[in-house]
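This report refers to the structure that appears directly beneath it.
The values are calculated or read from the model by the stated rules, or taken from the named source; none is laboratory data. Remember, it's a predicted structure, so these values are computed and weren't measured experimentally. Surface areas here come from the heavy atoms of the whole protein model, side chains and all, with no ligands, DNA or RNA. Shrake-Rupley method; radii C 1.70, N 1.55, O 1.52, S 1.80 Å.
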Amino acid sequence: PVRGALARAPGCGGALEREFAALRAAAEAAAADGTGGGDFVAEFVARRFDEPGADLERATPDDWDESAAPVPPRASPAGAYLARYCHSTWPALCLRASPCVAEEPLAHTLLPLPRTMVVPGDRFRES
């Protein structure tokens, strides 16, 4: 399945498939002569994929104003604190696509959106 997916990936021209096959052949040869072999899939992934979140960077929302925490007029002290706290977390929740996403869109699964976005649980990796 990996081999076929790599062959069909747009813009790859089979280069990734050839690299993967070369790593596999080297690992099989090393295993056959007793010098190891290693995990060629892990090596391929380490060479070709960035760490999770590498295509995102922290960003302050475009319309966010630190001094404009929306505290309801009749809020209790605890309610006012909660409103200010929630307001202060927006910069931690907002992300934007790194410039590398727009420069090399075929190398990323993230769409290069023009504005900031909220990513509540961060991006995920399939296992």
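Key figures
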item	result
Distant-in-sequence amide H partners of Cys94 (H built 1.01 Å from N, under 5 Å)	Ala59
Surface accessible to a 1.4 Å probe, per residue, for the residues of the stretch 24-112, Å²	71 Å²
